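The values are calculated or read from the model by the stated rules, or taken from the named source; none is laboratory data. For clarity, every value in this text was computed on a predicted model and none was experimentally measured. Neighbour counts are summed over all protein chains in view; Cβ atoms, including those assigned to glycine, are modelled from backbone coordinates with ideal geometry. Only protein heavy atoms, including side chains, enter the accessible area calculation; ligands, DNA and RNA are left aside. Shrake-Rupley method; radii C 1.70, N 1.55, O 1.52, S 1.80 Å.
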Amino acid sequence: MHHFIDRRANPKGKSLGNRQRFLERARESIKERVDRSVRDKSIKDGGGIPAEGEKVTIPSRGLKEPRFHHSSKGGRRRHVLPGNKEFVVGDTLKRPQGGAGEGGKQASEDGDGADEFSFTLTRDEYLEILFDGLELPDLVEKATVETETIGTRRAGLTTAGTPNNLNLVRTMRNSLGRRIALQRPSARSIAELQGEIEELESLPERSEKQQIHLEDLRHRLEVLERKRRVVGYIDPLDLRYDTHVPEKIRNSRAVVFCLMDVSGSMQEREKDLAKRFFLLLHLFLTRSYEHTELVFVRHTHHAQEVDEETFFYARETGGTIVSTALEKMKEIVAERYPPDEWNIYGAQASDGENFGNDSARCKALLLEDLLPVCQYYAYVEIVDENAEMLLNNPEAGEDLWQNYRQVKAQAPHFEMQRVSQPSHIYPIFREFFLPKAKGAQNAGG
């Protein structure tokens, strides 16, 4: 049996062990609030999660740890609370006038009660709860591309070095130990001797005993000053410098292509659902890669690379030719993201409509040009909220859906799903990135 001991320092004086026990006890409530909080976050700023953490509010019921206490029933007890100035043991209290009490604090305007508990999750804790149990698919994880750069790392201390590498803390510690060992006089002791000498010298007349004492004080002051000059405050022996050695650093880089149809059939509801999926994908990949970039490609009958604001909110009119977005992605990969240096991911959102025979062109572009250089490609088709037949029957669909089903049959790192409302996004995302063994086990169960 293995025993793991967490020796990390407690943050800001708080007990890390107690914090972890609290998070585990309230995990269900915290996860529910975390899942709800991603809806209004931006993608490029790291999901809107600040580096110092995310504030979460959960109901306070059930947060107290179980403990033993005296029963309030049975027995006969008498006590007077501390600070009482009006009553003694044996006095009886009159029933308050005015009827029933308020019965607790009133609810807030947004429906949340007053009995709530707010605290801050660190960024790592927030993402760990959000993506609990997910991992990159085996095929992607094995193919992770890494690049090497030369960096430096700390390699201890040395007695020689440049001033900018001076380790001030260790230097001052050595200086203090040497001064204590050699009994270097302090400035306060010398000031006290000087004060006594000045006091005796200021006397108009001194007795023989006072004169002898004055000479003794002057001799002691001379000895202390000479010793203070010999035993310096900082000695070259005290100096310690940080030393660094070169080290190869492996950096993994990923780029996420967000492709979306912005023709007239894609309204605000469809764009909002697409944004939620892109947000989850970006947050998930930032946990696996050192450096992650985003590329936004929007299309109608032609495609263009845009910024995030334009991608989600600018209005566009025109027909739908999906292959233009795939061709734009192929062009950008060739120009800026060599597959031997970047892990390339694709995420596409559409309502399933496409022009003429363009769907066959999309299939060819994916199989021949994009999927061979992509680590993973996910397609989300946004359908009407009342389209139960499409949600329950993956074999039904428009021409684009049928061609993409043929792509999925040939490419294991291509996934596709349909969504119709916000509650579908997170479960579908988890289904995409569940480990293969767990996904098969859950499907069988």
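Rg then Dmax, both in Å and based on the Cα atoms of the stretch 246-396: 16.1, 61. Among the protein heavy atoms, those of Lys408 account for about 80 Å² of accessible surface (1.4 Å probe, every chain in place).
Going by accessible surface with a 1.4 Å probe and the largest first, His244, His413, His219 read His219, His244, His413.
To the nearest whole percent, what portion of all C-alpha pairs in the stretch 178-229 is separated by more than 12 angstrom? Value for the stretch 178-229 (Cα pairs over 12 Å): 66 percent. Across the stretch 220-308, Cα-Cα pairs farther apart than 21 Å form 62% of the total. The distance between label points at Lys85 and Glu201 comes to 6.1 nm (points 7 Å beyond Cα on the Cα→Cβ vector). When +1 charges are put on Lys and Arg Cβ atoms and -1 charges on Asp and Glu Cβ atoms, the dipole computed for the stretch 235-297 relative to its Cα centre reaches about 340 debye. Note that the stretch 265-316 shows a convex hull volume over its alpha carbon atoms of 80 Å³ per residue. Seen from Tyr233, the other residues with C-beta closer than 12 Å to its C-beta sum to a net charge of +3, counting Lys and Arg as +1 and Asp and Glu as -1.
The heavy atoms of Asp91 present about 80 square angstrom of accessible area, all protein chains included, probe 1.4 Å. The Cα center of the stretch 257-332 and the Cα center of the stretch 347-363 differ in position by 14 Å.
The coefficient of translational diffusion for the stretch 164-289, derived via Stokes-Einstein from the alpha carbon Kirkwood radius under 4 °C and 1.567 mPa s, stands at 58 µm²/s. The fraction of Cα-Cα pairs per 10 angstrom bin, counted from 0 for the stretch 351-418, comes to 20, 53, 25, 3 percent, rounded to whole percents. Estimated at the nearest 10 Å², the accessible area of Thr122 is 60 Å² with a 1.4 Å probe. Just the number, please: Stokes-Einstein D of the stretch 143-235 in µm²/s, Kirkwood Rh from C-alpha pairs, 20 °C, 1.002 mPa s. This corresponds to a translational diffusion coefficient of 120 µm²/s.
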